[in-house]
Every structure is written in structure tokens, then in C-alpha cells.
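Novice: A single structure is presented below for examination.
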Amino acid sequence: MNIAFIIHNQAETGPYWKVLEQCTAYVKLGHQATIFATSKTERRKTRIVMRDGVRVVEAPDLLWGKLRQGVDIWNALQRCRLARRLHKEQAFDVVHAVDCRPNVIIPALYMQRRLKMPFILSWWDLFGKGSTRFGKAFAMTVGMVEGWLETGFRKYADGATTITTFLAKRLEDIGYPKDRIEVHHLGVDTSQEPLEYSVARTWLREQCGIGTEERVLCFAGTIYDADFTLLLKALDILQARNIAYKLVWVGKHVIADDVCEKYHIHRTGIVPTMEEVYRYFAAADACILPMEVNDANAARWHSKTTDYLNAGAPVVLTPVSDFPRYFSAHSIGWLAESGSPEDFAKALETALSVDLETRTAIGNNAREFMRRELDVMTIAARALRFYQRFTSS
């Protein structure tokens, strides 16, 4: 098949990388894939590049900065023009779009109706009704527009995938046929073997000065304020119990120096490659996902968790997304009983108390789980079978 994949994001930012990873898997399986994304800087010119066998179309956008996130109609019209041109050169068989911002839904509907191809629409996040991630003011203003965009156009898709069972249920509740919905998580490339724990700990000592005998927790990327507050409250509980730890924070996130000192946080800053990121994960006694239990976090698929597991690291997390089902069935980490700081602290304490043999066994389970359940090639093959349900008719 020749697949058109449409996202609202700027190239080389956010979900773009996961989409590229999946489209690369399509190419490895013998298909062709084109990603329609937004240029980081261009306002007039289109840039078309090849990445890992995938054609990436970077459409121009008249807005700037964080506003280049899918709302510019000029961007949407340019995508339609480019889709028509590329379709004439070699016909697309299916268009797969993620979420419903204007520069996604307009070209997707254009390709479905004017270029006559099946339209698959994915739901990957919740910004509208029920989401309070950015506070009540956002929810009552921009969030209402986001909610309308999220739900108003889904009925037009021939087939639908959601990133979690929560969103699948939400899609059913707004009247979309259940037999045309599948839950597709984001996969991970499991082909590379991570560093062994002992080797990674030696590297961590050389990199950060953290001793091989110290107990290490690891978190990657940015975090919302409410989730950060949950984490700090849990760490307060650990400190009150005199439980020693170091928290390695991988990536760039603004944290005050006095907070880092109080909570034993070592910041790495920007890490240039995923290979190095995985070294930090592999060196941890456990990686963590402190998330409030709410609709927004229930709807999301937290990809950092699968990266943790893919690096052979046990994970401590709150019961969000579809992870409770997996963590209850597989020995791959510790699931807090609730989203409270007390229960998260209890799970952290357990993770920090296990011996090396147990940590190694859980890390091995994590790698095996990822290979079997969430390898990107497995996820891509499933998506292709879903496409074929609609292309064949």
C-alpha cells in the first residue's frame, strides 16, 4: 500500500518521531509512506525530504512559535494541494490522520472525498471535555473549541483507532460504530539490546558522579505542574521515612535549584541521542511515571513508559491509561494502588528496596513484554490489517 499519514505537529517535534517510527516500519514491511507535517519555520515554501525511507512533506505555516500547531488554514490548503499533486504521481491507497485540528481534518476529508480513498482517523489525546490538564480557564475557553474539534468530525471517518481504551469508550459514547474502532498503542523499536544494569551504572557514575551503590530513580522529559506536585509530595514521604535515593531527571525541564537540592534531583539537560537516554534508564533501579488519576491522563498513552520498559528498566507508576491491565498481568514494575502521594510513595519504597536479582528479573520481563506486545513492527502490521479492512471494500 501507499499510505498518507497526516499530523498537525511540526516536523522533528513531539509525536512526529513516533509517527516516523511507525511509518518506517511500514516501509520495512514493503509498503510506501508519506507523512504530512508542518514546517518548523517556512511560511511560503514546502520542503519534501526522505527520512528512513519515508517521504516527509513539511507544509508552510503563516503563524509562529507555539501557534504553529494545526490551526492555520493556509497550511491546510497547502497540504490539499500537495496531496493532489503526489496522488497524481502515484495514488495513495489510504489516508491516516491523527486528531482533528484544521490542518489535519481538512486535507484528510479532501483526500477521502475528492481523491476517493478510505479515511482512518486516530484519537491520541484529550484536550476538550473532561480534560483539566491546563487548568479550568483553558477548559472553559480554548478547551471548548478543542472539544468541538475532537468530536465534531469523527463521524466522517471510515475507520477509527484510539490510543487507549478510555478514548475508545469515549468514541462509542458519541455514537461511532464499535465494530469500526480498534485500540492501537504506540510501538517501540525493540531490535537494539540495552546496556546491562551493571555496565549502565558504571557509565552513570562516570557521567553524573552517582555511586554504583546509591539507589537511583529516573524520570524523562517534561511534567505538568499537578503531576510534579504529586511527585514532590511522594518524595517528602520517602524523606520522612529516611529512605535514601537520587532522582536523575533526563532532558530539559525547568526546576529551581533549591528544589533539586531538597529532593536530590540531578538534571542531565538536553540529551542528544535516544541511545544515551536509554543508558540513563538502564542505570536506574526504577523509572517513574507520577501522574494524577484523571480523564486527561486516562486518555493518553505515555510513551516514556514504554521507552523505560524497552531499556530494561522496572517502572513505578500511578494507575493511568491502559497500564494497570499490563502491570497487573506481567511482572514489569510496581503499580500504585491509587493516584495519591501516599500510595505512590509506597510503590517507590518497594522499588528502592528490592535486591539486584529481583531488579534484573523484572528488567528482563520488561524487555520480553515489549518484544512480544509492543514492538513497532507488530503494531505496524496490525495497523496495516486494519487499513485493509477498508481498502478492500
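Novice: With each run of n ≥ 4 DSSP H residues scored as -39500 (n - 2.57), what mean residue ellipticity at 222 nm is computed for the chain after dividing by its residue count and rounding to the nearest 500 deg cm²/dmol?
Specialist: Values: 16 runs with 178 residues, N = 393.
The per-residue figure over the chain is -14000 deg cm²/dmol.
Novice: Find the percent of Cα-Cα distances in the stretch 197-373 that exceed 21 Å, and round it to a whole number. Could the numbers behind the result be given before it?
Specialist: Values: 6748 of 15576 pairs.
Counting every Cα pair in the stretch 197-373, those more than 21 Å apart make up 43 percent.
Novice: So, counting K/R as plus one and D/E as minus one, what does the shell of residues with Cβ under 13 Å around E196 add up to? Mind dumping the intermediate values first?
Specialist: Working: positive: R201, R279, R359, R367; negative: E193.
Summing Lys and Arg as +1 and Asp and Glu as -1 gives +3.
Novice: Let me ask something else about it. Roughly how many nanometres apart are two label points built 7 Å out from the Cα toward the Cβ at R389 and T358?
Specialist: 4.2 nm
Novice: Please compute the Cα-Cα pair-distance distribution of the chain with 10 Å bins starting at 0, giving whole percents from short to long.
Specialist: 5, 22, 31, 25, 14, 4, 0
Novice: Roughly how far apart, in whole Å, are the Cα centres of the stretch 328-368 and the stretch 145-192?
Specialist: Result: 30 Å between the Cα centres.
Novice: Moving on. Report the semi-axes of the equivalent ellipsoid for the stretch 225-312 in whole Å, largest first, where each axis is √(5λ) for an eigenvalue λ of the Cα gyration tensor. Mind showing how you got there, number by number?
Specialist: Details: eigenvalues 85, 68, 36 Å².
For the stretch 225-312, the ellipsoid semi-axes come out as 21, 18, 13 Å.
Novice: Simple spin-label model, 7 Å along Cα-to-Cβ: T229 to T212 in nm?
Specialist: Each label point lies 7 Å from its Cα, and together they span 4.2 nm.
Novice: Right, next: Please report, ordered by residue number, every helix of the chain (full DSSP H runs) that is 20 Å or longer along its axis going by C-alpha atoms and whose mean Kyte-Doolittle hydropathy reaches 0.0. All intermediate terms of the calculation are to be shown ahead of the outcome.
Specialist: Values: long enough: 73-89 (24 Å, -0.85); 225-240 (22 Å, 0.82); 356-373 (25 Å, -1.15); 376-391 (22 Å, 0.36).
Answer set is 225-240, 376-391.
Novice: Take every DSSP beta bridge whose two residues both sit in the stretch 197-373, then give the antiparallel share in percent to the nearest 5.
Specialist: Working: 1 of 17 bridges.
Given both bridge residues lie in the stretch 197-373, the antiparallel proportion sits at roughly 5 percent.
Novice: May I ask for the equivalent-ellipsoid semi-axes of the stretch 275-319, computed as the square root of five times each C-alpha gyration tensor eigenvalue and listed largest first in whole Å?
Specialist: Semi-axes from the Cα gyration tensor: 22, 11, 7 Å.
Read-outs: derived from the displayed coordinates by stated rules, not from any lab. Just so it is clear, the model here is predicted, and its values are computed rather than measured. All Cβ positions, even for glycine, are placed from backbone atoms using ideal geometry, and neighbour counts span all protein chains on display.
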